[in-house]
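The values are calculated or read from the model by the stated rules, or taken from the named source; none is laboratory data. None of the values given here were measured: they were computed from a predicted structure. Note: ideal-geometry Cβ built from the backbone for every residue, glycine included; neighbour counts use all protein chains shown.
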Amino acid sequence: MEKRDHILEMNDVFYRWPGRASFALAVSDLRVAPAETVLLLGESGSGKSTLLSLICGTILAQSGSVHVAGADIGALSAGKRDRFRAEHIGLIFQQFNLLPFASVRDNILLPLRFAPDRAGRVPMPEAEATRLCRDLGLPDEIAQTKAGTLSVGQQQRVAAARALIGTPPLIVADEPTSSLDAATQATFLDLLFAQSRVHDTALLMVSHDARLADHFDRVIHMADIAQTTRGAE
């Protein structure tokens, strides 16, 4: 992969959703550096989900370029994009997407099954899962607990541990604090940032909640970097 100064770079990106009520997103420039924590703020309908899909390679820009960890996402085949995403991007979903009947440990270790290079950075996977739980404020004994029995705050931390294991260079978080009160939000973000600093992991979190701004290195408003259009084709 090409050596670059930023973990994420988007340049002159354009994407239009097909369909009668088409949606188009244009992003002129977006960059995130190693270990940088960035909050991307935008209201519902501002294109945040489309932007995340472009970054993760689940959809491809129709023009412009998206580079993650030095790789041109648009130059990869569908299969290679799936493999690349598993290896290089840790995802924290708004609904967490844990396997409810699997243990906490198995949920955390799940990405390593699909990412051999990422797994190779974890010589003792179960011990690493335990360490991440501890660092994120979860007790050691929770490892064998079924994820579906956990509180919302506990599930959130398990989701963060799953994203962090194997130290992917980029963490993408989609509204992961939306269901938490302010104190729990702050605690969770502090724990997540600490892990990011230790491993030089870049963090891009999207949200509509401007109250989170003070916690991040940088705040970007969707309206400042992106243009959206709607209408029938």
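Below, the figures for the structure above:
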| item | result |
| --- | --- |
| Of all residues making up the range 170-195, the number that are of a type outside the set (D, E, K, R) and at pLDDT below 85 | 15 |
| In the range 108-158, the residues that are in contact (Cβ under 8 Å) with a residue 60 or more places away in the chain, farther than 13 Å from L98 by Cβ and in contact with a helix residue (DSSP H, G or I) (Cβ under 6 Å, 6 or more places away or on another chain) | L132 |
| Test: residue in the range 184-206 that is touching a residue at least 40 places away in the same chain (Cβ under 8 Å), more than 18 Å from V32 (Cα to Cα) and of a type in the set (S, T, N, Q) | yes |
| Residue that is nearest to the chain's Cα centre (by Cα), among those in the range 9-55 that are within 17 Å of T229 (Cα to Cα) and of a type in the set (D, E, K, R) | K48 |
| T201 vs. criteria in contact with a strand residue (DSSP E or B) (Cβ under 8 Å, 6 or more places away or on another chain) and either on the phi > 0 side of the Ramachandran plot or modelled with pLDDT under 85 (or both) | no |
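Let's see how each residue does on (1) surrounded by 20 or more Cβ atoms within 10 Å (Cβ to Cβ); (2) among the aromatic types (F, W, Y); (3) part of a loop (DSSP other than H, G, I, E, B):
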{"residue": "A86", "(1), (2), (3)": "yes, no, no"}
{"residue": "Q95", "(1), (2), (3)": "no, no, yes"}
{"residue": "L112", "(1), (2), (3)": "yes, no, no"}
{"residue": "A119", "(1), (2), (3)": "no, no, no"}
{"residue": "A127", "(1), (2), (3)": "no, no, no"}
